[in-house]
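Peer 1: The structure follows.
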Amino acid sequence: MIVLAISSEQMGRGDERLGEVLMRSHLHTLTEVQPRPDTVIFFNGGVKLAVEGSAVLDDLRTLEAQGVSILLCGTCLGHFGLKDKVAAGKISNMYDISETMLKA
């Protein structure tokens, strides 16, 4: 089982704009490579990638259509006031997230 955990809107540390470009490229590339992850978990600021207006929504929806499970931290969405703006993935909890990570 392959599980990716994404905790930010950017990939890596340093220049934020570059990190955003890298994250968009990474998520798009996941739609085209093999093997694909079984699950992608978004937590902390990473949940912002799965809400209305996100630049990567098409890629997240493509991943879902390809059978990739997308789990979103419900506590994180609540913290940012985004629970009603989810546009891809499934709102989850730390039990499901932890169990998924431990099975990987």
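Peer 1: Using all alpha carbons of the chain, what is the percent of pairwise distances in each 10 Å bin, ordered from the shortest bin to the longest?
Peer 2: Distribution as computed: 16, 50, 32, 2 percent.
Peer 1: How much of the accessible area of the chain, in percent, comes from carbon and sulfur atoms when a 1.4 Å probe is used?
Peer 2: That fraction is 50 percent.
Peer 1: For the chain, what relative contact order do you get, as a whole percent, if you take Cα pairs closer than 8 Å and at least 6 residues apart?
Peer 2: Relative contact order comes out at 28 percent.
Peer 1: Per residue, how much accessible surface does the chain expose to a 1.4 Å probe? Answer in Å², no decimals.
Peer 2: 58 Å²
Peer 1: Add +1 for every Lys or Arg and -1 for every Asp or Glu among the other residues with Cβ under 14 Å from the Cβ of residue 22, and state the total.
Peer 2: So the environment of residue 22 carries a net charge of -2.
Peer 1: Related question: Sequence neighbours fewer than 8 away in the same chain don't count; with that in mind, list the lysines whose C-alpha is under 24 Å from residue 48.
Peer 2: 83, 85, 90
Peer 1: Amide H of residue 69 versus every other amide H placed in the peptide plane: which residues, excluding those fewer than 5 positions away on the same chain, fall under 5 Å?
Peer 2: Hits under the 5 Å cutoff: 39, 40.
Peer 1: Treat each spin label as a single point 7 Å out from the Cα along the C-beta direction, and report the residue 21 to residue 34 distance in nm.
Peer 2: My value for the distance between the label points is 3.1 nm.
Peer 1: Okay, moving on. In a shell of Cβ-Cβ distance under 13 Å around residue 31, excluding residue 31 itself, what net charge do Lys and Arg (+1) and Asp and Glu (-1) give?
Peer 2: Cβ neighbours under 13 Å give a net charge of -1.
The values are calculated or read from the model by the stated rules, or taken from the named source; none is laboratory data. Please read all numbers here as calculations on a predicted model, not as lab measurements. Every residue, glycine among them, receives a Cβ derived from its backbone with ideal geometry; neighbour counts consider all protein chains shown. With ligands, DNA and RNA removed, areas are computed over all heavy atoms of the protein, side chains included. Shrake-Rupley method; radii C 1.70, N 1.55, O 1.52, S 1.80 Å.
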